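What follows is one structure encoded as structure tokens, with my remarks underneath.
The values are calculated or read from the model by the stated rules, or taken from the named source; none is laboratory data. Note that the structure is a prediction, hence the values are computed from the model and not measured. Here the Cβ is made from the backbone with ideal geometry for all residues, glycine too, and neighbour counts use every protein chain on show.
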Amino acid sequence: MIIGVGIDVAAIERFEQTVARTPGILDRVFTQAELLLPSGERRSAASLAARFAAKEALAKALGAPAGLEWHDAEVRTEESGRPVLEVRGTVAARGAELGVRAWHLSLSHDAGVASAVVIAEG
């Protein structure tokens, strides 16, 4: 059973401008695992914008409740390249309250826009 669906888009150039104006936003929103590639290099703006969109889509799938912590939702990448959500703390608690047993995530970025879709399954 689908408990919630969320979708979000982020303009990549606008995201880059925000980061340039407020670089501290990266540490407030993303975990180190999200910021860095396995090589240790920082992810591209498009990749980070897609991860930001995923966190926004996740909040929407949960009904956008107040009090969710950014670091309590982490976008991980499996060896195959498939993105997955790892939730803990405030996000896991809200998911448990709603009966979420599994998360499904899709990310994309093209033509200057990053997007994400999250499905919460019960």
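Among what's in the stretch 103-117 and is within 18 Å of PHE15 (Cβ to Cβ) and free of Cβ contacts under 8 Å to residues at least 40 places away in the same chain, pick the residue that is surrounded by the fewest Cβ atoms within 10 Å (Cβ to Cβ). The selected residue is ALA111. Residues in the stretch 11-32 that are closer than 19 Å to LEU85 by Cα and loosely packed, with under 13 Cβ neighbours inside 10 Å: ASP27, ARG28, GLN32. Restricted to the stretch 1-93, the set of helices (runs of 4 or more DSSP H) holding at least 1 residues that are within 20 Å of GLU121 (Cα to Cα) and out of contact with any helix residue (DSSP H, G or I) (no Cβ under 8 Å at 6 or more places or on another chain) comprises 45-61.
So is GLY99 surrounded by fewer than 17 Cβ atoms within 10 Å (Cβ to Cβ) and either modelled with pLDDT under 95 or over 27 Å from ALA46 (Cα atoms) (or both) or not? So GLY99 fits the description; yes. Residues that are crowded, with 18+ Cβ neighbours inside 10 Å, farther than 24 Å from GLY112 by Cα and small (Gly, Ala, Ser) do occur in the stretch 72-85. For GLU13, the criteria (1) farther than 19 Å from GLY89 by Cβ; (2) among the charged types (D, E, K, R); (3) under 11 Å from the mean Cα position of the chain (by Cα) hold in every case but one, which is (3).
Identify all residues within the stretch 81-102 that are more than 24 Å from ALA11 (Cα to Cα), hydrophobic (A, V, I, L, M, F, W, C) and free of Cβ contacts under 8 Å to residues at least 40 places away in the same chain; write none if there are none. Once the filter is applied, which keeps residues that are more than 24 Å from ALA11 (Cα to Cα), hydrophobic (A, V, I, L, M, F, W, C) and free of Cβ contacts under 8 Å to residues at least 40 places away in the same chain, the stretch 81-102 yields VAL87, VAL91, ALA92, ALA93, ALA96, ALA102.
Does the stretch 108-116 include one or more residues that are in contact with a Ser or Thr (Cβ under 7 Å, 6 or more places away or on another chain) and hydroxyl-bearing (Ser, Thr, Tyr)? Yes, that holds for at least one residue.
Of all the listed residues (GLU69, GLU41), the sole one being free of Cβ contacts under 8 Å to residues at least 12 places away in the same chain, more than 13 Å from LEU85 (Cβ to Cβ), loosely packed, with under 13 Cβ neighbours inside 10 Å and charged (D, E, K, R) is GLU41.
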